[in-house]
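What follows is a single structure, written as structure tokens, with notes after it.
The values are calculated or read from the model by the stated rules, or taken from the named source; none is laboratory data. Note that the coordinates shown come from a computational prediction; the quantities given were computed from them, not determined experimentally. When we count neighbours, we look across all protein chains shown, and the Cβ atoms used for this are built from the backbone with ideal geometry, even at glycine.
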């Protein structure tokens, strides 16, 4: 595995790979890798000749009261895990190279962001599309892999690729979970023992909702109320949102139909957890 920090060198290496006819799979991350990230690598490894991972904690994705400074970082550990999983190139750029002073263009996401995490994190997805536009132009991937744990991000990236004609195929990958159902996340390390024991209730609430829908319930408000009641009763977390929206357009539904997402976010003392399931009704 080759570690590259220079943008110019990364572009040059990728041009060489392209000229030789290799297909490139790309896994963008902010590091502190867990099994979810590594599952993306495994799929990229199966489907491409060359696998690239980026590690860059993107400051544009963090709001003024969020955890950029204390976001977990351990590059040596990440480097070892990436190499063990078969990453060919690990791109680890400097902040000043990615965001030099005097940026003249600002990217703004117009759709799919005024709900879910986007509603409480204004500007977050502007930061996501900005860094991805740069990374797509640097890495030149044929396929880019994203976990469905952040399903809103997947929807926004789909829009970015379509609107700006990036020659990249978006590959969504299912959520990776602990044995008790908790979605794997770098932020899980911030949970106290008590919160960690409560956190699986988020997925259980979603599973119960799916069972209710399978039994014939179609009224959105009833399903949301049931999820909220279960989380309030069984956890000490504060609900940020529980929403049911069409997917990937993320538009409001009152009665369930077609493909939709049930998504939630819960704030514990030091960790904000998100989870979701997608369902398609014929």
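Only a single item in (1) under 22 Å from residue 130 (Cβ atoms); (2) in contact (Cβ under 8 Å) with a residue 60 or more places away in the chain; (3) not in a loop (DSSP other than H, G, I, E, B) is not met by residue 53, and it is number (2).
Would you confirm, using the coordinates I've provided, whether residue 129 is modelled with pLDDT of 95 or more and over 25 Å from residue 51 (Cα atoms)?
Working: modelled with pLDDT of 95 or more: yes; over 25 Å from residue 51 (Cα atoms): no.
Taking the combined requirement at face value, the residue does not satisfy it.
Taken across the stretch 19-34, residues that are more than 16 Å from the chain's Cα centre (by Cα), assigned by TED's automatic domain parsing to the domain that holds residue 93 and at positive phi do occur, with at least one present. The criterion of being more than 18 Å from the chain's Cα centre (by Cα) and modelled with pLDDT of 95 or more holds for residue 139.
Restricted to the stretch 42-68, and to residues there that are touching a helix residue (DSSP H, G or I) at 6+ places or on another chain (Cβ under 7 Å) and under 17 Å from residue 78 (Cα atoms), the residue that is surrounded by the fewest Cβ atoms within 10 Å (Cβ to Cβ) is 56. Does residue 235 meet the test of being touching a helix residue (DSSP H, G or I) at 6+ places or on another chain (Cβ under 9 Å), outside the structural domain of residue 30 (by TED's automatic domain parsing), modelled with pLDDT under 95 and more than 20 Å from residue 176 (Cα to Cα)? When the stated conditions are applied, residue 235 does not pass them. Can you give me the number of residues within the stretch 84-130 that are within 22 Å of residue 2 (Cβ to Cβ) and either touching a strand residue (DSSP E or B) at 6+ places or on another chain (Cβ under 8 Å) or not in a helix (DSSP H, G or I) (or both)? Matching residues across the stretch 84-130 total 10.
Assess whether residue 170 counts as being closer than 30 Å to residue 105 by Cβ, without any contact (Cβ under 8 Å) to a residue 40 or more places away in the chain and under 14 Å from the mean Cα position of the chain (by Cα). When the stated conditions are applied, residue 170 passes them.
The single condition among (1) closer than 27 Å to residue 271 by Cα; (2) assigned to a helix (DSSP H, G or I); (3) touching a residue at least 60 places away in the same chain (Cβ under 8 Å) that residue 135 does not satisfy is (1).
Quick check, is residue 55 touching a strand residue (DSSP E or B) at 6+ places or on another chain (Cβ under 8 Å) and more than 30 Å from residue 252 (Cα to Cα)? The answer is yes for residue 55.
Can you confirm whether residue 203 is buried (at least 17 other Cβ atoms within 10 Å of the Cβ) and in the same structural domain as residue 22 (by TED's automatic domain parsing)? No: the conditions fail for residue 203.
Which residues, taken from the stretch 249-282, are closer than 27 Å to residue 71 by Cβ and not in a strand (DSSP E or B)? Steps first, answer last, please.
In the first step, residues of the stretch 249-282 are kept if they are closer than 27 Å to residue 71 by Cβ; the result is 250, 261, 263-277.
Hits for the stretch 249-282 are 250, 268, 269, 270, 271.
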